[in-house]
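S.K.: Got a structure for you, questions after.
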Amino acid sequence: NYIAKIGQPMGMIYGYIYEGTYKYDDFDKSGSSYTLKGNIPHYVSESNTQPGMPKYKDLNGDGVIDTNDRTMIGRGLPIHTGGFTNNFEYKGFDLSVFFQWSYGNDVLNANRLFFDSGFQKKRELNQYASYTDRWTPENPNSNIPAATNSSSNLVISSRVVEDASFLRLKTVTLGYTVPKTFLKKYKIDNARLYVAAQNLWTITGYSGYDPEVSIRSGGLTPGLDFSSYPRALSVSFGINLGF
């Protein structure tokens, strides 16, 4: 599902281009049977394509969607990353704020292959709430695949590749330095109280828990998400004393 290719960045996601679902207009109907029109490509392992099944782009135009139609559909590594820090002080209070960003990276959200595809051989699995908007005869314009036993529901495609660019409020620290005139009678040279928090807030278009996710340790497969835990929000308190 990833490919290393000369002239391209590492960690390129490889698969099919998703074109939605097969609609009724793609078929000739005879009684209650649907036959795919001759000019509409079909998935190679699917001999009985039906309305609502996932539809992929036939890149080489041979009328059959097979491994020859795979291409690069995302990049696991960002185009650029960065961050900036601001520090403020006012009458004994100090505030430090650190923002972090990443731009141009994609995530292969493999969760959606199992929890947003309706593959019936995995019917014991719960589905995302979004799957209620799947293709059905009553909802024929949906581009979420119908619940079927077709293996084409589990194909790696651009349907499950998401932009994971983000801006995150990574760290915030608020402190207060106690005046020395107050500390003198307690024989304390200095004292500072503080509270610090991490991962407070994130702006991203990614539908999963964490746009920084990468469950594999190898550098060839960055940005893969499957059953990962969300990034923890942590808050700590402390006091610095000097005698």
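S.K.: Does Thr136 meet the test of being of a type outside the set (A, V, I, L, M, F, W, C), in contact (Cβ under 8 Å) with a residue 40 or more places away in the chain, surrounded by fewer than 16 Cβ atoms within 10 Å (Cβ to Cβ) and not assigned by TED's automatic domain parsing to the domain that holds Asn87?
M.R.: The answer is yes for Thr136.
S.K.: Just name the residue that is surrounded by the most Cβ atoms within 10 Å (Cβ to Cβ) out of those in segment 118-131 that are assigned to a loop (DSSP other than H, G, I, E, B) and over 16 Å from the mean Cα position of the chain (by Cα). Quick ask: steps written out before the conclusion?
M.R.: Step one: of segment 118-131, the residues assigned to a loop (DSSP other than H, G, I, E, B) are 118, 123-128.
Checking which are over 16 Å from the mean Cα position of the chain (by Cα) leaves us with 118, 123-127.
Working: Gly118: 23, Arg123: 10, Glu124: 5, Leu125: 10, Asn126: 8, Gln127: 18.
Taking the candidates together, the pick is Gly118.
S.K.: Just to be sure I understand, how many residues within segment 1-42 are without any contact (Cβ under 8 Å) to a residue 12 or more places away in the chain and assigned to a strand (DSSP E or B)?
M.R.: 5
S.K.: Same structure, new question: Give the residue, chosen from Ser150, Ser157, that is under 20 Å from Leu224 (Cβ atoms), surrounded by 16 or more Cβ atoms within 10 Å (Cβ to Cβ) and hydroxyl-bearing (Ser, Thr, Tyr).
M.R.: Just one listed residue meets the conditions, Ser157.
S.K.: Hey, can you tell me all the residues within segment 91-116 that are in a strand (DSSP E or B) and among the charged types (D, E, K, R)?
M.R.: Asp94, Asp106
S.K.: Of the conditions (1) in the same structural domain as Asn143 (by TED's automatic domain parsing); (2) buried (at least 16 other Cβ atoms within 10 Å of the Cβ); (3) at pLDDT 95 or above, Gly20 fails just one. Which one is it?
M.R.: (2)
S.K.: OK, next. Can you tell me how many residues within segment 74-131 are under 29 Å from Thr173 (Cα atoms) and of a type in the set (Asp, Glu)?
M.R.: Looking only at that region, the number is 2.
S.K.: For the subset of segment 63-90 comprising residues that are touching a residue at least 60 places away in the same chain (Cβ under 8 Å), small (Gly, Ala, Ser) and assigned to a strand (DSSP E or B), which member is surrounded by the most Cβ atoms within 10 Å (Cβ to Cβ)?
M.R.: Top of the filtered list is Gly74.
S.K.: For segment 211-243, name all the residues that are surrounded by fewer than 12 Cβ atoms within 10 Å (Cβ to Cβ) and of a type in the set (Gly, Ala, Ser).
M.R.: Passing the criteria: Ser217, Gly218, Ser227, Ala232, Ser234, Ser236, Gly238, Gly242.
S.K.: Still on this structure, please answer the following. Within segment 90-115, restricting attention to residues that are in contact with a strand residue (DSSP E or B) (Cβ under 8 Å, 6 or more places away or on another chain) and of a type in the set (D, E, K, R), which residue is farthest from Pro179 (Cα to Cα)?
M.R.: Asp106
Table: residues versus (1) within 24 Å of Ser142 (Cα to Cα); (2) among the hydrophobic types (A, V, I, L, M, F, W, C); (3) touching a helix residue (DSSP H, G or I) at 6+ places or on another chain (Cβ under 6 Å).
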| position | (1), (2), (3) |
| --- | --- |
| Tyr43 | yes, no, yes |
| Ser47 | yes, no, no |
| Arg70 | yes, no, no |
| Thr85 | no, no, no |
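S.K.: Would you confirm, using the coordinates I've provided, whether Val107 is buried (at least 18 other Cβ atoms within 10 Å of the Cβ), in contact (Cβ under 8 Å) with a residue 12 or more places away in the chain and either among the aliphatic types (A, V, I, L, M) or outside the structural domain of Leu169 (by TED's automatic domain parsing) (or both)?
M.R.: On the way: buried (at least 18 other Cβ atoms within 10 Å of the Cβ): yes; in contact (Cβ under 8 Å) with a residue 12 or more places away in the chain: yes; either among the aliphatic types (A, V, I, L, M) or outside the structural domain of Leu169 (by TED's automatic domain parsing) (or both): yes.
Yes, satisfied.
S.K.: I would also like to ask the following. Restricting to segment 51-62, name every residue that is part of a loop (DSSP other than H, G, I, E, B) and within 19 Å of Arg159 (Cα to Cα).
M.R.: Pro51, Gly52, Met53, Lys57, Asp58, Leu59
The values are calculated or read from the model by the stated rules, or taken from the named source; none is laboratory data. Remember, it's a predicted structure, so these values are computed and weren't measured experimentally. In this analysis, Cβ positions are derived from the backbone assuming ideal geometry, glycine residues included, and neighbour counts consider all displayed protein chains.
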